[in-house]
Each structure stands twice: as structure tokens, then as C-alpha cells.
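Undergrad: The structure follows.
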Amino acid sequence: MSMDYPPVAFHFGVSLDGNGASDASFQEISGIKVEFSNEEVVEGGQNQFVHRLPTQAKYANLVLKRGVVVTTSPLADWVSRTLASYLTRPIELRQLMVTLKNAQHDPLITWTFVNAYPVRWEISPLNAMESTILTETMELAYHYFERSVIDRRPSQPTSPPRPTVADLQAGIARLRKVKV
């Protein structure tokens with residue numbers, strides 16, 4: 001059994017457009033979800049069941065939560081530009097990647113969210129009566145996601161090359177010399 005099984009859910013990174021560099025640390029990511037809706041079709045004369053036919057896939061919004069970042073963040077800049085435009089400019093669709101990592105920081109699974117765009121950005125309440133960290137929540141809609149598992153198993157050893165007819169004949173000749 002692999003040392004990565006089962007993987008932990010707390011070591012992950014987020015990057016824009018597959019550049020590989022993670023954009024700050026997130027404390028929580030949710031919304032990696034897809035489901036089919038069903039349409040029920042009643043068949044005349046069939047009283048035992050109702051046909052349930054799948055319709056289109058429905059994807060949940062991706063929700064990213066982290067402590068507020070006080071340095072430059074390409075993700076926060078994109079979210080800010082998009083939501084501050086009030087739809088006066090075309091929305092810039094981006095690819096967002098969430099990568100689950102193992103203890104050695106190697107990627108295990110990558111989810112690529114295709115044609116993502118921000119729909120909500122929220123800052124936690126500022127409250128002088130509590131000693132909590134200021135957090136921001138970014139919510140993104142997307143068309144669909146693709147899941148890629150990175151196989152880190154060692155490759156199977158290759159078998160030695162098969163002997164040629166000449167190799168077999170030479171081996172037989174050597175055996176005949178030994179018997180004499």
C-alpha cells in the first residue's frame with residue numbers, strides 16, 4: 001500500500017492558469033462537486049416504477065477561504081478586477097487548479113476548473129470583541145472541472161530482451177562443448 005493512502009485533506013495549493021506557483025495558503029476549499037439532475041418519465045401501463053433519466057451535469061460553485069493576504073496575489077487581483085468592473089468589461093475567464101499534495105509536497109490529484117470566474121468575495125466581520133484572524137472567502141463559478149491523478153508508483157521493471165536465434169545457437173554450441 002502506498003504511503004499516500006489515504007491522502008490527507010489539509011495539504012493543497014491553488015494556482016491560476018496552470019502556472020504551477022501556488023497563490024497563498026487557503027484554509028478551506030469546498031464545492032468540488034458535480035451531479036446529474038434527473039427527469040422522471042412515466043410510462044403508460046408500467047406501474048412498478050418511474051423511469052429516471054439523467055439530464056445535464058450541474059456543478060457547484062467553488063469556494064476558497066483563507067486569511068486575508070496583505071501581499072500581492074494574482075488571484076485576489078483578478079477577483080477584485082472582475083467584481084469591481086460591474087460588468088462594464090467582459091469577464092476574464094481563467095483556469096484554476098487545485099492540487100492535493102503528499103507529505104513530500106508532490107502532487108497527488110489535480111482538479112482543473114475550466115472557464116472560472118468570480119461571483120462573490122466576502123471579508124469576515126471586523127470585531128474588536130474577538131481575537132480572530134481576518135478571513136476572505138472567494139466564490140467562483142466555472143463550466144466544469146477535470147480530475148487528474150498523478151501516478152507516483154515506480155514503473156514496472158522491464159524484462160530482459162528476448163534472445164535471438166544466433167544467441168540460442170551459440171548457447172547450444174557451448175553446451176555441446178562442455179559434454180565432450
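The values are calculated or read from the model by the stated rules, or taken from the named source; none is laboratory data. Owing to the predicted nature of the structure, the values given are computational and were not obtained by experimental measurement. Virtual Cβ from ideal backbone geometry, glycine too; neighbours counted across all protein chains shown.
Undergrad: Look through segment 106-131, keep the residues that are surrounded by 10 or more Cβ atoms within 10 Å (Cβ to Cβ) and in a loop (DSSP other than H, G, I, E, B), and return whichever of them is modelled with the lowest pLDDT.
TA: By that ranking, first place goes to ASP106.
Undergrad: Could you pull out the residue among PHE49, PHE36 that is modelled with pLDDT of 90 or more, outside any loop (DSSP other than H, G, I, E, B) and of a type in the set (A, V, I, L, M, F, W, C)?
TA: Result: PHE36 is the single residue among PHE49, PHE36 that is modelled with pLDDT of 90 or more, outside any loop (DSSP other than H, G, I, E, B) and of a type in the set (A, V, I, L, M, F, W, C).
Undergrad: Considering (1) surrounded by fewer than 12 Cβ atoms within 10 Å (Cβ to Cβ); (2) part of a loop (DSSP other than H, G, I, E, B), say which one GLN56 fails and leave the rest.
TA: For GLN56, the failing item is (2).
Undergrad: Residues in segment 10-25: is at least one touching a helix residue (DSSP H, G or I) at 6+ places or on another chain (Cβ under 8 Å), modelled with pLDDT under 90 and surrounded by 11 or more Cβ atoms within 10 Å (Cβ to Cβ)?
TA: yes
Undergrad: Then there is this: Report whether or not SER80 is in a strand (DSSP E or B) and among the hydroxyl-bearing types (Ser, Thr, Tyr).
TA: No.
Undergrad: Give segment 62-89 a look and list any residue that's touching a strand residue (DSSP E or B) at 6+ places or on another chain (Cβ under 9 Å), more than 20 Å from PHE10 (Cβ to Cβ) and surrounded by 15 or more Cβ atoms within 10 Å (Cβ to Cβ), or say none.
TA: PRO74, ALA76, TRP78, VAL79, THR82, LEU83
Undergrad: How many residues does segment 59-77 hold that are farther than 20 Å from SER124 by Cα, in a strand (DSSP E or B) and hydrophobic (A, V, I, L, M, F, W, C)?
TA: Of the residues in segment 59-77, 0 are farther than 20 Å from SER124 by Cα, in a strand (DSSP E or B) and hydrophobic (A, V, I, L, M, F, W, C).
Undergrad: So, in segment 23-47, exactly how many residues are closer than 30 Å to LEU134 by Cα and either under 12 Å from the mean Cα position of the chain (by Cα) or free of Cβ contacts under 8 Å to residues at least 60 places away in the same chain (or both)?
TA: 10
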